[in-house]
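Notes for the one structure printed next.
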Amino acid sequence: MRLRNKPWADDYMNENSHIVIADPFSKKGKWATEFENDHPIHIEIGTGKGQFITGMSKKNPNTNFIGIERVKSVIVGAVKKVKEAEVANTRLLNEDADDLRELFEESEVEQIYLNFSDPWPKARHEKRRLTFKTFLEQYQSILKPDGTIVMKTDNRQLFEYSLVSFSQAGWTLEEVSLNLHDLEDPTNVMTEYEGKFSEQGHPIYRCVVRVP
Ligand code: SAM
């Protein structure tokens, strides 16, 4: 993702503090209060510029969405999209998802989306992959007992690695697609990267896994 310095980003985020939560750690266990309803909570890790989360929020008004993106100059794009869509069921967190247990109580989340996560192909960077075993432990803790992860990627190596990682940690494989767009799934909402890679003719892989 191309990064530009955006000095106005802090001001823009402060002006939109109803969308980007300034102190999300204080909301742990209280997200239902933040949304003022008990609708299920779905989170996306690595939201990027927000095309997916905005599309999902519009399509699913009875689900609450929280997008987590660590790069400020990127998340401002997502803030703009959420604002323009005028959706009440979406919040954004400018945080590193290094320990989600500080942001969510046990069983507070129904579904997690991992969309086109950075592949970190070098073996010495394995721990940074969002499907490394320590991340799976966090996901298991914050997900409800029947909670799920939906993962999409164009990166076959990361996909294969993740399937093995899920399987070794005891997650149940509910769905695997080696060419998502062949399915013409009307519920699929494309991410920025998904649009770009599928236009270039890359197959898109998707899996859905259930908590152990
Ligand atoms: N999901 C978007 C899409 O599909 O178009 C963006 C994909 S981009 C390759 C990966 C994004 O995840 C980047 O914006 C990166 O900053 C973010 N990211 C990676 N690791 C993260 C972490 N640990 N916490 C929060 N964001 C993360």
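The values are calculated or read from the model by the stated rules, or taken from the named source; none is laboratory data. Because the structure is a prediction, the values reported are computed rather than measured. Neighbour counts are summed over all protein chains in view; Cβ atoms, including those assigned to glycine, are modelled from backbone coordinates with ideal geometry. Ligands, DNA and RNA are stripped out before the accessible areas are found, and what is left, the full protein with its side chains, is counted by its heavy atoms. Shrake-Rupley method; radii C 1.70, N 1.55, O 1.52, S 1.80 Å.
Just one of the listed residues (131, 90) is closer than 25 Å to residue 157 by Cα and not basic (Lys, Arg), and it is 131. If you scan region 89-114, which residues turn out to be open to solvent by less than 30 Å² (accessible area, probe 1.4 Å) and more than 21 Å from residue 141 (Cβ to Cβ)? Selection gives 89, 90, 92.
When the test is whether a residue is away from the ligand (no atom under 13 Å from the Cβ) and either aromatic (Phe, Trp, Tyr) or closer than 26 Å to residue 102 by Cα (or both), residue 152 does not pass it.
Only a single item in (1) over 18 Å from the mean Cα position of the chain (by Cα); (2) within 14 Å of the ligand (Cβ to nearest atom) is not met by residue 138, and it is number (1). Number of residues in region 4-54 that are more than 12 Å from residue 66 (Cα to Cα), within 16 Å of the ligand (Cβ to nearest atom) and among the β-branched types (Val, Ile, Thr): the value is 0.
Looking at region 1-72, the helices (runs of 4 or more DSSP H) lying wholly inside it that each contain 1 or more residues that are among the aromatic types (Phe, Trp, Tyr) and surrounded by fewer than 20 Cβ atoms within 10 Å (Cβ to Cβ) sit at 9-15, 31-35. For region 73-88, name all the residues that are open to solvent by 40 Å² or more (accessible area, probe 1.4 Å) and of a type in the set (A, V, I, L, M, F, W, C). Matches in region 73-88: 88 only.
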